[in-house]
Amino acid sequence: MASGSYGSFLRGLFIGDISMERLPSIPALSDERGETLSMVLDSVRKFLAGHQEHFREFDRKGAQPDEYVTALAELGLFGLIIPEEHGGLGCSAREYARVLEEISRQDASTSLTVGAHSSIGMKGILLFGSVEQKERYLPKLASGEYRAAFCLTEAGSGSDAASITTRAHRQDDGSWVLSGEKIWITNGSFAEVFTVFAKSGDAEGDITAFIVERAFPGVSSGPKEDKMGIRASATCSVRFDGVRVPAENVLGAPGGGFKIAMAILNNGRTGLGGGCVGAMKRCIEMATAHAVQRKQFGRPIASFGLIQEKLAHMTALCYATEAVVDRVAFLIDSGEEDFSLEAASSKVFGTESLWRVADEALQIAGGNGFMREYPFERIVRDCRINRIFEGTNEILRLYVGLTGAKEAGSYLERVGQGVGSLFSEPSAAMSVVTDYASKRLVEYIPGMAHGGELEDGELAPHFRILAKYSAAFAHGVDSSVRHHRRGITEQQIVVKRLADCAIDLFVGWCVLSRVDNELRMKSPNAHHGVAVATVLINEIKRRVNQNIRRLSRNEDVQVAGIGAAVVDKGGYLWD
């Protein structure tokens, strides 16, 4: 694991700091770790290849047989991120994302069964568990004797995790009594260990995390949900009826559950991101094979410009998602604490990229793509949930936009204080004011952005585009924060535009960093990487330019009026 703190690149974007020092090159895995990863991937590939004919049947029946889940455990897939001293494989975040990529390349439901266990189900024990909790649970979780599930969502709370109603009451002996119901719990029907979040006090946000065993009296599972996609994975409600939880099963400190839940979700996003990459690669392979074999007008449709355009954009989106997922995983492995904006952005971009890629793959397949005989339609159904679970993309956009706006607001407040103290504390004040002036100057002279060798090499035109529009974005944030002030929290469309700009620019910088590294390493595909960067960065330029313009020139009033009228009418206005 690397060490060091790079700070949040995305937070910097919101205040005009676009130094590439926060996007260092991602080193290759060591020979030892690379060899171990290769063996794991080979084992996964061979195992899943033997079940290809079963996945459609699992989907039709809506369940994975018990013996199949047991086989996953025997393969070691439930111990991927658990340290070796506790019986696991000790995978880093980058290695884990790569394994989930390989699984998702074959079957999304299998990836979800494994990911729900590792990414979120038992991640809290790994991140926040005491020594005793780790020694008690991790070995059994690694072997698959225990399977884990994450219990946060409730019928009335949804994305508003702080409003959960499951209650935990502390008893005189230090234990807790837990009552409530959680819904849509992946692995909920067979998990032996649950990470459960419950309201534990009267104060807003007073939530505590608990390790709850199925063996505790009062724990029960509801019927399996009949889902649109990922049908073979086990999803159900889980009830806790007066469940007595020992004091030693409190995870972290009482009242600290909300931060624990958010940390688990942030850390788990590399698994979901890796899964998106794997599914995209499968779509590209299948669509290409079909385009080569399918002939129209006397030649393969792969030779048609419109088909090649689709394949090119599908490839570019996959390449970019891979770059972003690698970056977030690198931050986790480096011990970086501040990566929540990057993690949220990777989830939004990766899941929406997969949706586009899967839809285009089905389109290339034509009528075949719509038939259940082929896997295209199942992939489309399976990937739709990604934009909903682990934080809807709408909520994550608001998180990115509002967090960045708050960062900018705090920065402007410091600048204002600096100006006010120019005479009383001239040295400290000048430091703040000079920093602000230099960032504003970058808006007009983007070449002042810190890019090192990127400013002069083959990627210089791409660097200049990103630097220019990053500076324009920071100016747009500055103007929006000044205009709306505290009221910006209610300007969701404005916040969405800021988030979309930030996510796009972050993706662009990650792609640029990846291509630069490939050029340095003389990768055989580096020239294709340059072409991908050209396509993506110019698309990003156009989207960011439009979003920035629409901060001040838009139809938001009309949109709000139509929406309110539809709500009042209860449906279509002309019906």
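Which of (1) assigned to a helix (DSSP H, G or I); (2) under 16 Å from ALA97 (Cβ atoms); (3) among the acidic types (Asp, Glu); (4) more than 12 Å from the chain's Cα centre (by Cα) is the odd one out, the single condition GLU342 does not satisfy?
Every listed condition holds for GLU342 apart from (4).
Looking for whichever is assigned to a helix (DSSP H, G or I), out of contact with any strand residue (DSSP E or B) (no Cβ under 9 Å at 6 or more places or on another chain), among the aliphatic types (A, V, I, L, M) and modelled with pLDDT of 90 or more here; the options are LEU13, LEU29. Which one fits?
Just a single option satisfies the conditions, and that option is LEU13.
Picking from GLU360, GLU336, which residue would you name as being in a loop (DSSP other than H, G, I, E, B) and not hydrophobic (A, V, I, L, M, F, W, C)?
GLU336
So, in segment 206-251, how many residues would count as being touching a helix residue (DSSP H, G or I) at 6+ places or on another chain (Cβ under 8 Å), farther than 30 Å from ARG378 by Cα and open to solvent by 40 Å² or more (accessible area, probe 1.4 Å)?
Number of matching residues: 1.
From the residues in segment 330-355 that are aliphatic (A, V, I, L, M) and in contact with a Ser or Thr (Cβ under 9 Å, 6 or more places away or on another chain), which one is surrounded by the fewest Cβ atoms within 10 Å (Cβ to Cβ)?
Result: ILE332.
Return a yes/no flag: does segment 40-50 have any residue that is touching a residue at least 60 places away in the same chain (Cβ under 8 Å), more than 30 Å from VAL481 (Cα to Cα) and of a type in the set (Asp, Glu).
Checking segment 40-50: not a single residue is touching a residue at least 60 places away in the same chain (Cβ under 8 Å), more than 30 Å from VAL481 (Cα to Cα) and of a type in the set (Asp, Glu).
Give the residues of segment 157-189 that are farther than 19 Å from LEU265 by Cα and open to solvent by 40 Å² or more (accessible area, probe 1.4 Å), sorted by residue number.
Selection gives THR165, ARG167, HIS169, ARG170, GLN171, ASP172, ASP173, SER179, GLU181, SER189.
Yes/no per residue for (1) in contact (Cβ under 8 Å) with a residue 40 or more places away in the chain; (2) closer than 30 Å to GLN52 by Cα:
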{"residue": "GLU154", "(1), (2)": "no, no"}
{"residue": "ASP160", "(1), (2)": "no, no"}
{"residue": "ILE164", "(1), (2)": "yes, no"}
{"residue": "ARG167", "(1), (2)": "no, no"}
{"residue": "PHE190", "(1), (2)": "yes, yes"}
{"residue": "THR235", "(1), (2)": "yes, yes"}
{"residue": "ARG239", "(1), (2)": "yes, no"}
{"residue": "GLY252", "(1), (2)": "yes, no"}
{"residue": "PHE258", "(1), (2)": "yes, no"}
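Would you mention how many residues in segment 200-235 are of a type in the set (A, V, I, L, M, F, W, C), assigned to a loop (DSSP other than H, G, I, E, B) and touching a strand residue (DSSP E or B) at 6+ places or on another chain (Cβ under 8 Å)?
2
Would you check which residues across segment 518-552 are basic (Lys, Arg), on the phi < 0 side of the Ramachandran plot and either outside any helix (DSSP H, G or I) or modelled with pLDDT under 95 (or both) and list them?
Scanning segment 518-552 gives ARG520, ARG550.
What is the one condition in (1) over 30 Å from ALA472 (Cα atoms); (2) assigned to a loop (DSSP other than H, G, I, E, B); (3) of a type outside the set (Phe, Trp, Tyr) that GLU53 does not satisfy?
(2)
Determine whether GLU85 is in a helix (DSSP H, G or I), farther than 30 Å from TYR399 by Cβ and without any contact (Cβ under 8 Å) to a residue 12 or more places away in the chain.
Judged against the criteria, GLU85 is a match.
Just to be sure, is ALA63 assigned to a loop (DSSP other than H, G, I, E, B), without any contact (Cβ under 8 Å) to a residue 24 or more places away in the chain and either open to solvent by 20 Å² or more (accessible area, probe 1.4 Å) or touching a strand residue (DSSP E or B) at 6+ places or on another chain (Cβ under 9 Å) (or both)?
no
Looking only at segment 459-513, count every residue that is within 15 Å of GLU407 (Cα to Cα) and in contact with a Cys (Cβ under 9 Å, 6 or more places away or on another chain) and tell me the total.
3
Condition check ((1) open to solvent by 20 Å² or more (accessible area, probe 1.4 Å); (2) touching a Gly at 6+ places or on another chain (Cβ under 6 Å); (3) closer than 22 Å to LEU265 by Cα; (4) in a helix (DSSP H, G or I)) across all residues:
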| position | (1), (2), (3), (4) |
| --- | --- |
| GLU67 | yes, no, no, yes |
| PHE78 | no, yes, yes, no |
| GLU95 | no, no, yes, yes |
| ARG105 | yes, yes, no, yes |
| SER109 | no, no, yes, yes |
| VAL114 | no, no, yes, yes |
| ALA155 | yes, no, yes, no |
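Within the set of pairs 6 or more residues apart or between chains, which connect a residue that is farther than 18 Å from VAL494 by Cβ and open to solvent by 40 Å² or more (accessible area, probe 1.4 Å) inside segment 556-569 to a residue that is at pLDDT 95 or above and not polar (S, T, N, Q) with Cβ atoms less than 9 Å apart?
As it stands, the answer is VAL566/TYR572; VAL566/LEU573, since those pairs meet every condition given.
Residue check, GLU21 against (1) open to solvent by 40 Å² or more (accessible area, probe 1.4 Å); (2) touching a residue at least 24 places away in the same chain (Cβ under 8 Å); (3) farther than 20 Å from ARG147 by Cβ; (4) out of contact with any Gly (no Cβ under 9 Å at 6 or more places or on another chain), all met but one. Which one?
(4)
If we scan segment 292-311, do we find a residue that is of a type in the set (Gly, Ala, Ser), modelled with pLDDT under 95 and more than 16 Å from the chain's Cα centre (by Cα)?
Within segment 292-311, one or more residues are of a type in the set (Gly, Ala, Ser), modelled with pLDDT under 95 and more than 16 Å from the chain's Cα centre (by Cα).
The values are calculated or read from the model by the stated rules, or taken from the named source; none is laboratory data. Here the structure is a predicted model, which is why all the values come from computation and not from measurement. Cβ sites come from the backbone with ideal geometry, for glycine too, and all protein chains shown count toward neighbours. Each accessible area value is taken on the protein alone, full model and side chains, heavy atoms only, with ligands, DNA and RNA left out. Shrake-Rupley method; radii C 1.70, N 1.55, O 1.52, S 1.80 Å.
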